[in-house]
Amino acid sequence: MVTQNVQHYKFESHPELTNIIDDSVTFAVLKKILRFNCTDIFTNHQTFVICYSNAPYPVWIWCKRPYDKKDAKLIADILKVEFLDKGDYRLIISEDLLQELSKTHHVFAKMHQKMQLFSYELHQINAIGHKCDGQMRRPKPTEIDTLAMHYHNASIEMEGHDFSMEDCQKIITGYMQNDELFVWVDDNDEIIATVNKILDGNYAKIAFVYTLPSHRRKGYAINLVNKVSQMLLDDGLIPILYTNGGYVASNECYKKIGYVQVGKLVDVCVDNTDKLD
């Protein structure tokens, strides 16, 4: 669906669109996605971007505030015709923009919320006062398979993505080659928790925060994130991260470290019991 002043790009990257996105922290993931070939991008190059990278990922929607009613109507029409009428797509969108879209078509008022996504940034770190055994170190090449299994399990648990082990191995190998991955090991040098950093200009995204289920609530992840975050601050970078708003314990841990919430998105989809008109 291409209307006046709206461009539709297929299987293209458009990094120049990152220049119009002013919510740099909350939409840092979208800004990264736009640098790679995406299945669909709709934009007027001024006030909104709709971006779908590929399955199994969601459709990202950014719109400049304050929202214009014409933009909201156009975004709603594009989403309905190009995505919601054609498949079971998830949307990641700000909660207030979703409310604006719901005024234009009833389907947006009936969308099922899968999760809230909180964005955080850190400028000053706190002493957490929560010690645990073990230490932080870089992973070893011989641990790729172990870390791939951790990534596989973390992806299922946190996002519902069942990646193949081959894909997980490639992802972990890339993290290690880029010197992005850190692990926390116990006194037997066994990997208990993981964190990786992804550099993006002045920002450094903290991701892949995962602790083995049998070792949770013992302070391993908070100590690992704390040390990596301090290292990033020492390098003059601004650490940022994203969490599922439903994970209360995790969010409290990040706040203890000093992370401050700066934005909120919602991950929504059409309820399968609803029929689109």
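Read the figures in this text as sums done on the coordinates, not as results from a lab. All of these numbers come straight from a predicted model, not from anything done at the bench. Cβ placement follows ideal geometry from the backbone for every residue including glycine, while neighbour counts extend to all protein chains displayed.
Which loop-located chymotrypsin sites (Phe, Trp or Tyr not before Pro) does segment 120-207 contain, where loop means any DSSP state but H, G, I, E or B and the Cβ has at most 15 other Cβ atoms within 10 Å?
Here no loop site has a sparse enough neighbourhood.
Would you list, by chain and number, the lysines whose Cα falls below 20 Å from the Cα of Lys69, excluding same-chain residues fewer than 8 positions away?
Filter leaves Lys80, Lys103, Lys110.
Summing +1 for each Lys or Arg and -1 for each Asp or Glu, what net charge is found among the other residues whose Cβ lies under 14 Å from the Cβ of Val25?
0
Positive end of the dipole of the chain, charges at C-beta (+1 Lys, Arg; -1 Asp, Glu), about the Cα centre: which of Ala55, Pro15, Leu74 has its Cα farthest in that direction?
The one lying farthest along the dipole's positive direction is Leu74.
Between Arg65 and Phe11, how many nm apart are label points set 7 Å from Cα along the C-beta direction?
For the pair Arg65/Phe11, the computed spacing is 3.8 nm.
Using only the Cα atoms of the chain, construct the convex hull and provide its projected area averaged over every direction, in square nanometres to one decimal.
Values: hull surface 60.7 nm².
One quarter of the hull surface, i.e. the mean projection, equals 15.2 nm².
Add +1 for every Lys or Arg and -1 for every Asp or Glu among the other residues with Cβ under 15 Å from the Cβ of Asp167, and state the total. Each step should come with its number before you reach the end.
Working: positive: Lys170; negative: Asp145, Glu159, Asp162, Glu166.
Summing Lys and Arg as +1 and Asp and Glu as -1 gives -3.
Rounded to the nearest 500, what is the 222 nm mean residue ellipticity of the chain from helices alone, with -39500 (n - 2.57) per DSSP H run of 4+ residues and division by all residues?
Estimated from H runs of four or more residues: -9000 deg cm²/dmol.
Hydropathy first: keep DSSP H helices in the chain averaging at least 0.5 on Kyte-Doolittle, then drop any whose Cα extent along the axis falls short of 30 Å, and list what survives.
Qualifying helices: none.
Given charges of +1 on the Cβ of Lys and Arg and -1 on the Cβ of Asp and Glu, with all other atoms neutral, how large is the dipole of the chain about its Cα centre, in debye to the nearest 20?
Result for the chain is approximately 560 debye, rounded to the nearest 20.
Can you tell me the relative contact order of the chain? Whole percent, Cα pairs under 8 Å, sequence separation 6 or more.
23 percent
Where the only charges are on Cβ atoms (+1 Lys, Arg; -1 Asp, Glu), what is the dipole of segment 135-258 about its Cα centre, to the nearest 20 debye?
Using only the charged Cβ atoms, the result is roughly 480 debye.
Expressed as a fraction of 2.2 N^0.38 Å, the rule-of-thumb size for a compact globular protein of N residues, what is the C-alpha radius of gyration of segment 135-258? Provide the component values of the computation, followed by the final result.
Details: Rg = 13.8 Å, N = 124, 2.2 N^0.38 = 13.7 Å.
So segment 135-258 has a normalised radius of gyration of 1.00.
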